[in-house]
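To start, the structure under review is shown below, and the notes come after it.
Bear in mind these aren't lab numbers, they're just calculated from the coordinates by the rules spelled out. This is a predicted model, so every value here is computed, not measured. Note: ideal-geometry Cβ built from the backbone for every residue, glycine included; neighbour counts use all protein chains shown.
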Amino acid sequence: MSGLNLSHVTKQFGTFTAVNDVSLSVPDGTFVCLLGPSGCGKTTLMRMIAGLDLPTGGSIELAGADITKVPTHKRDLGMVFQSLALFPHLTVGENIAYSLRIRGVAKDVQKKRIDELLAMIHLPGFADRSVAKLSGGQRQRVAIARALAISPKLFLLDEPLSALDAKLREAMQVELRQLQQRLGITTIVVTHDQREAMTMADTVVVMNGGEIRQAAPPVDIYRRPADSFVADFIGQTNLLPVVPDGAGRASVLGEVVEGIALPTGAAKGTLSVRPEDVQLTAPGHGAISGTVTFVRDLGGAIETFVEAGGTQVIAVCSPRNRPDVSVGQSVGIRLDPATSVVLAR
Amino acid sequence: MRREPPQRLAHYGPLFFPAGMLTVFFVVPFATMIAVSFFQRQQGGFYTPAFVFDNYARFLSLFFGKVLGFSLFLAVAVAVACVVIGIPFTYLLSRSARKIQIVWLVALLSILSLSEVMIGFAWSTLFSRTAGITNLFVWLGLMAQAQALTPSFGAVMTAMTYQAFPYTVLVLYPALVRLDPTLTEAARTLGASPVKAFLTVVVPALRNTILATLIMVFIFALGSYLLPQLLGRPQHWTLSVLITDQAIYQSNMPFAAAMAVFLVLVSLALVGLALYAGQQRQAK
């Protein structure tokens, strides 16, 4: 099977398990983001894919060959480090051509490739500049070009955009995604920025505590989170307790909501509702009743904080649908079963 | 931080003490030495003030030329040996666990507390036939018979490298610790084996530090005069040995001074040349 396959990959540092039994299949040409809080094992997983760390268990396959124990320099991959790790003693062109020089590629071929890559990253004519004199964004591009010089089978990026300011980061996310689509190269990016993951990835792999919590396309991750960790980590969400009422029906904050059931075989569950899916209405008529505690007008969106049954529920509306509420007012909350997910854990 | 240039004479106050020390203990003795090098020697160990070039003229002979050449060669060889061994050693040291680093650094620093005399006699014992390491080799079956490894050029080189090695490590260590470890990892992901990554990334990235270390060890080794006498044959004696001989045993102060001045000038010229070459490559 082509692409990258991880099966039961585990990494232990002493008694600490950094990556625990991770299996993942990355088809050729896809863009995968490993997303999670710091210390979740995403960087360790990437370092094992690169061969910079060896797994304590499991195997890694690339393009049908087992590369679990193949040394890094024989894996034919391209990697962009968080620190970028541009060689300070080499010029931009020499940095880009490093992998070609190591492989003994002829000088004129190297030169042609440098020009090609510099054109690709929109820095033509930069070959003879010193890397110390580049701006943050330019250094970023040079690191990407250097990693792509040999047309690697696998393109790895470890928190590649974290050093850039917010505006440049957004622009680079789009650029990186377009570049990947144009080259059709299998790409894995480690990030803790969910916005970055949603922008770029075909598949978002959410990790926590060394394990994969969910691997799915961005929209599914957002709309159909697998558990409350994923729901909470990706975007904003309301996590509401679901408990059975006297008749055994599922009840949310004291009201039975039509279309919402307890997870099969579970005594209780958690309902994840995105703030933009919470509707505020007049109290009564089967709606969950609550009291407005705070209204935050952010200009582009209005957030209403409602206290209901001891839980805080946040509703977000666009300014066009500005809710007619004020602090202390009683309101009703309506949940749409189509846009809410009941989670077992 | 913005720094104002000193406005008044009093602002230079902190510099007076070191400037005074340098004048009293360096400039004055060196100036005296230069002056003495032009003095006229009197038979019987004295000299009279004069301005003659006899001392320098006497130095310009094949014999002294050879000794000077050997001294420079020895200093360069020791500097190169120290750096060639020191860079991989310090690189591995900087990548190892903190505890291991501390043990090694303390051990290396303790070498600095040994005097040149102790180092010289320790090595001459180690290289001797009766009590030396060759006995160990015989016991291990590597050699048939114990033999003396001293006096020899190898013994001189070994002891001098040993003596200069701690300085080498201490100069290289901060630079290697500061070197971003992802640089070598990046080189490896780009297809370089660990050894190739070391040679194409670590060594060139540290070029200036390496040049500074070479110069430091070179100057350090140039002044050595005890170890070549203890461990070498007369042809392994350095100019420093001859200077001592002239100054103390032959009581020819003007000639010793002339040789010393010449040695200083030649080493300054070599250091200047090395720095100039380094800058040329930097500019390129």
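Here are a few things to note about the model shown:
- For chain B, hydrophobic long helices are taken as DSSP H runs at least 20 Å long by C-alpha position along their axis with mean Kyte-Doolittle hydropathy of 0.5 or more; these are B:62-94, B:98-112, B:153-178, B:207-222, B:253-283.
- Over 40 Å [Cα-Cα, chain A], rounded percent: 28 percent
- Amide H within-cut-off set for A:GLY58, under 5 Å, with H built and near neighbours excluded: A:THR10
- What you get for the range A:237-343, charging only the Cβ of Lys and Arg (+1) and of Asp and Glu (-1), is a dipole of about 80 debye around the Cα centre.
- Using distinct alpha-carbon pairs, which all enter the 1/r mean, Kirkwood radius of the range B:140-253 in Å: 17.5 Å
- Antiparallel DSSP beta bridges within the protein assembly as shown, percent to nearest 5: 75 percent
- Between the Cα long axis of helix A:166-183 and the first principal axis of chain A there is an angle of about 60°, rounded to the nearest 10.
- For a straight C-alpha distance cut-off of 19 angstrom, the lysines reachable from A:LYS11 (same-chain residues fewer than eight places away being disregarded) are A:LYS42, A:LYS69.
- Cβ-derived FRET efficiency at R0 41 Å, A:ARG224 paired with A:SER330, nearest 0.05: 0.80
- Shown in residue order for the range A:63-76 are the 3J(HN,Hα) couplings computed by the Karplus curve 6.51 cos²θ - 1.76 cosθ + 1.60 at θ = phi - 60°: 6, x, 10, 6, 10, 3, 10, 6, x, 3, 6, 9, 8, 6 Hz (x for Gly and Pro).
- Taking the Cα centre of the range A:4-228 as reference, the dipole from Cβ charges on Lys and Arg (+1) and Asp and Glu (-1) amounts to some 600 debye.
- A P(r) calculated from all alpha carbon pairs of the range A:106-163, with 5 Å bins opening at zero, reads 4, 17, 29, 24, 18, 7, 2, 0 percent.
- The value given for the range A:226-345 is a Kirkwood hydrodynamic radius of 14.6 Å, derived from the mean inverse Cα-Cα separation.
- Interchain or long-range residues, amide H under 5 Å from A:VAL190's placed H: A:LEU34, A:LEU157, A:ASP158, A:GLU159
- Unit charges on C-beta of K, R, D, E only; dipole of the protein assembly as shown, Debye: 2020 debye
- Ellipsoid semi-axes for the protein assembly as shown, based on the Cα gyration tensor and the rule √(5λ), read 73, 29, 25 Å when sorted largest first.
- Shape call, chain B: gyration tensor on alpha carbons, a/c limit 1.5: oblate
- In this calculation the C-beta distance from B:MET21 to B:PHE64 is compared with R0 = 41 Å, giving a FRET efficiency of 0.75.
- Degrees separating the helix A:136-148 axis from the principal Cα axis of chain A, which is the longest one: 70 degrees
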